[in-house]
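S.K.: Mind looking over this structure? Questions follow.
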Amino acid sequence: MEETYEIRGTDLLDSVKKLLTSVFETSSVSSMLVPVRHTTTHVLMPTLVSDPGELQRADPFAPCFPLNSAKLVSKLTKKHSNETMAAVLRPCELRALVELVKIKQATMDNLITISFDCAGAWPNREYNQAATEGKAKNRGFMEQRLESKFDDETEDRLATSCRICAAPFPENADICITLLDHDPGSIGVFAGTDRGREIITGLAFEPKPLPGTRADTVRAVIQRKKEAGKKVFEDLARETATMEGLGNYLASCVNCYNCRVACPVCFCRECVFNTDVFDYEPFQYASWAKDKGTLRMPMDTVFFHLTRMIHMGLSCVGCGQCSNACPNDIRLAELFTAVGKGAQEGFGYVPGKSMDDPFPLSVFFEDEFQDVTGI
């Protein structure tokens with residue numbers, strides 16, 4: 001068992017701020033990417049902090065998840081830098097980053113990753129509305145979630161993608177923050193990598209064993225989320241079992257492509273849907289409408305989503321940002337997570353779990369898919 005260290009502050013947020021400040025001051029970190037609250041509004045956004053004093057506005061535990069920060073880390077690390085940066089990421093953000101590193105869209109060379117037990121988040125619209133009305137209760141959210149041991153039945157605003165996420169705990173971050181089954185106000189810290197071990201041992205915190213109940217609590221949380229996911233996927237399969245059903249599911253799509261932009265593992269510099277490949281001539285639209293009697297506009301919406309499923313299904317980490325970005329509230333996260341899960345199980349691949357697991361389409365095994373090839 002990895003040695004853990006206890007950090008105790010006036011509350012959970014104060015404890016994590018102590019940790020982040022210590023990492024900043026003792027690890028030659030020049031900047032840190034962390035969710036920070038705007039000075040005059042309720043808005044919480046990933047912010048690149050170079051002044052440790054600004055960490056007093058950091059709040060990674062709020063139920064606010066405006067975007068998957070893996071895309072930002074990609075922008076900040078894709079080209080080599082001699083400066084060391086730290087990034088505070090939810091587990092799904094860290095998994096997405098691992099996938100981006102594998103396809104050479106980011107690097108971990110001068111990056112310290114910090115992740116934590118994730119209590120989930122609300123859909124963006126719900127969070128923004130609650131925050132505007134002064135009902136977001138950011139400081140109380142994590143405390144309530146910890147008191148219930150991440151029982152999703154007690155949190156009716158939680159996004160579906162968070163309810164069915166079976167990997168809400170950090171594993172391969174340099175620095176992993178444990179919250180479940182700790183004394184109120186305290187956090188535990190352990191290393192997920194050799195680099196993290198070097199950093200943590202240099203911090204001025206006392207080692208303390210993990211609570212003996214934590215392993216059982218983690219297993220129970222994961223099991224509940226797997227059961228919730230099974231129910232969601234079964235309902236989804238019935239709803240989208242046919243092309244007609246899938247078309248109905250995606251009927252309100254307007255081809256805004258917000259889901260593609262929000263997806264952390266979509267990385268093409270130029271998407272085929274932004275080219276003139278699907279830019280038809282006016283007479284073609286008129287001809288198709290005449291042949292069929294009606295022509296649904298815009299066209300190619302289902303084809304767009306099918307293309308995305310093929311493109312990023314193996315790397316989908318189920319973060320739910322596609323649903324957050326949809327202006328018409330299509331339940332895209334459920335659909336893409338389900339399709340991705342099927343593809344990943346087919347290849348025996350868990351996206352973002354380890355840098356040592358090769359991307360499925362980059363390797364070949366002579367004995368794979370014999371039921372398909374007949375060899």
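S.K.: Which is assigned to a helix (DSSP H, G or I), modelled with pLDDT of 90 or more and either in the same structural domain as R145 (by TED's automatic domain parsing) or not small (G, A, S) (or both), of V277, V221?
M.R.: Numbers: V277 fails: modelled with pLDDT of 90 or more.
One residue alone meets the criteria, V221.
S.K.: Go over the candidates F365, F359 one by one and state the one that is loosely packed, with under 14 Cβ neighbours inside 10 Å, aromatic (F, W, Y) and at pLDDT below 95. If you could, list the steps in order and put the result at the bottom.
M.R.: On the way: F359 fails: loosely packed, with under 14 Cβ neighbours inside 10 Å.
Step by step, each of F365, F359 is checked, and only F365 is loosely packed, with under 14 Cβ neighbours inside 10 Å, aromatic (F, W, Y) and at pLDDT below 95.
S.K.: Name the residue, out of S115, S69, that is more than 18 Å from K17 (Cβ to Cβ), crowded, with 23+ Cβ neighbours inside 10 Å, of a type outside the set (A, V, I, L, M, F, W, C) and touching a Lys or Arg at 6+ places or on another chain (Cβ under 9 Å).
M.R.: Details: S115 fails: more than 18 Å from K17 (Cβ to Cβ).
Answer to the check: S69.
S.K.: Then there's this: Go through (1) farther than 30 Å from P170 by Cβ; (2) in a loop (DSSP other than H, G, I, E, B); (3) modelled with pLDDT of 90 or more for V302 and report which single condition fails.
M.R.: Looking at each condition in turn, V302 falls short on (2).
S.K.: Taking the options E270, E227, name whichever one is part of a loop (DSSP other than H, G, I, E, B) and not hydrophobic (A, V, I, L, M, F, W, C).
M.R.: Details: E227 fails: part of a loop (DSSP other than H, G, I, E, B).
None of the other options fit; the residue is E270.
S.K.: Please verify whether D109 is of a type in the set (D, E), outside the structural domain of A333 (by TED's automatic domain parsing) and at pLDDT below 95, treating the condition exactly as stated. Reasoning before the result, please.
M.R.: On the way: of a type in the set (D, E): yes; outside the structural domain of A333 (by TED's automatic domain parsing): yes; at pLDDT below 95: yes.
Considered against the rule, which asks whether it is of a type in the set (D, E), outside the structural domain of A333 (by TED's automatic domain parsing) and at pLDDT below 95, D109 comes out as yes.
S.K.: Of a type in the set (S, T, N, Q), touching a strand residue (DSSP E or B) at 6+ places or on another chain (Cβ under 7 Å), over 25 Å from C326 (Cβ atoms) and buried (at least 19 other Cβ atoms within 10 Å of the Cβ): is that true of T84 in this structure?
M.R.: No, not satisfied.
S.K.: Related question: What number of residues within segment 237-267 satisfy the criterion of being under 19 Å from M312 (Cα atoms) and in a helix (DSSP H, G or I)?
M.R.: Residues flagged as under 19 Å from M312 (Cα atoms) and in a helix (DSSP H, G or I) within segment 237-267 amount to 6.
The rows are residues; the columns are (1) surrounded by 17 or more Cβ atoms within 10 Å (Cβ to Cβ); (2) not basic (K, R).
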{"residue": "G140", "(1), (2)": "no, yes"}
{"residue": "E147", "(1), (2)": "no, yes"}
{"residue": "F150", "(1), (2)": "yes, yes"}
{"residue": "L180", "(1), (2)": "yes, yes"}
{"residue": "I187", "(1), (2)": "yes, yes"}
{"residue": "F190", "(1), (2)": "yes, yes"}
{"residue": "R195", "(1), (2)": "no, no"}
{"residue": "G202", "(1), (2)": "no, yes"}
{"residue": "A215", "(1), (2)": "no, yes"}
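S.K.: Then there is this: Any residue at all in segment 57-73 that's part of a strand (DSSP E or B) and among the polar types (S, T, N, Q)?
M.R.: Narrowing segment 57-73 to residues part of a strand (DSSP E or B): 58.
So of that shortlist, the ones also among the polar types (S, T, N, Q) come out as none.
So far as segment 57-73 goes, no, none of its residues is part of a strand (DSSP E or B) and among the polar types (S, T, N, Q).
S.K.: Follow-up. Exactly one condition in (1) modelled with pLDDT under 95; (2) in the same structural domain as F336 (by TED's automatic domain parsing); (3) surrounded by 14 or more Cβ atoms within 10 Å (Cβ to Cβ); (4) of a type outside the set (D, E) is false for F283; which is it?
M.R.: All conditions pass for F283, except number (3).
The values are calculated or read from the model by the stated rules, or taken from the named source; none is laboratory data. Please read these numbers as outputs of a predicted model, since none were measured by experiment. Here Cβ is always computed from backbone atoms with ideal geometry, including for glycine, and neighbour counts include all displayed protein chains.
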